[in-house]
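Data first, discussion second: the structure below is written as structure tokens.
A short reminder: the numbers here are calculations on the coordinates, not readings from a lab. All of these numbers come straight from a predicted model, not from anything done at the bench. Here Cβ is always computed from backbone atoms with ideal geometry, including for glycine, and neighbour counts include all displayed protein chains.
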Amino acid sequence: MAALWWCYFAGDDERAGLRMTEASSRRRSTLALTAFALDHYVMILGLVLLAAGVRFVTGDVFAVAPAAGAWLLAFGVALYLVGDARYRQELALGPALIRYLAALVCAATGLIGLAVASLWQLLALLIVLVVVIAGEAARAKSPTIPSIDPVS
């Protein structure tokens, strides 16, 4: 899904590089292990689970997916978002709470996949990801309210 790519590359990659160059050598080593290794392994595992789920449902997206397919789709995207949220937290790239909440919603879409055509679950996952991306983009573009200093 292109939306997962957008979750990761919507400017965070550039800021992550900046955070690494600004960090002390000891902190840089820790970040390399946690953010750029462990968190990325979680995201990659999520992508693998998602790909396995897609394999289950691509034969007929208008049919109800097998249980394994529905849960692989749901937990694949959810796990990716958890890894991405953790990565954002480690590098202080912005709030990660929306991604953790979105991961819970994505995990719950497994119930949708068990009840209706796979297409609806895929659409629900896409909507969640678009809301995350759009919400973060709107938050980043919103002007901050200057503080009023009573002394001046």
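Take region 18-38 and flag every residue that is of a type in the set (Gly, Ala, Ser) and farther than 18 Å from residue 85 by Cβ.
First pass over region 18-38, keeping only residues of a type in the set (Gly, Ala, Ser): 23-25, 29, 32, 35, 37.
Hits for region 18-38 are 23, 24, 25, 29, 32.
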Which of the numbered conditions does residue 41 fail, given that it passes all the others? Conditions: (1) without any contact (Cβ under 8 Å) to a residue 12 or more places away in the chain; (2) touching a helix residue (DSSP H, G or I) at 6+ places or on another chain (Cβ under 9 Å). (1)
In region 34-92, the residues that are of a type in the set (Val, Ile, Thr), surrounded by fewer than 17 Cβ atoms within 10 Å (Cβ to Cβ) and either in a helix (DSSP H, G or I) or in contact with a Pro (Cβ under 8 Å, 6 or more places away or on another chain) (or both): 34, 44, 48
Just checking, does region 109-119 include any residue being part of a loop (DSSP other than H, G, I, E, B) and surrounded by fewer than 24 Cβ atoms within 10 Å (Cβ to Cβ)? yes
Cβ pairs under 8 Å, 6+ apart or interchain, first in region 73-100 and free of Cβ contacts under 8 Å to residues at least 24 places away in the same chain and at negative phi, second aromatic (Phe, Trp, Tyr) and assigned to a helix (DSSP H, G or I), ordered by first then second residue, are 85/100
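Go through 100, 87 for me and flag whichever is of a type in the set (Ser, Thr, Tyr) and in contact with a Phe, Trp or Tyr (Cβ under 9 Å, 6 or more places away or on another chain).
Details: 100 fails: in contact with a Phe, Trp or Tyr (Cβ under 9 Å, 6 or more places away or on another chain).
Unique residue meeting the criteria: 87.
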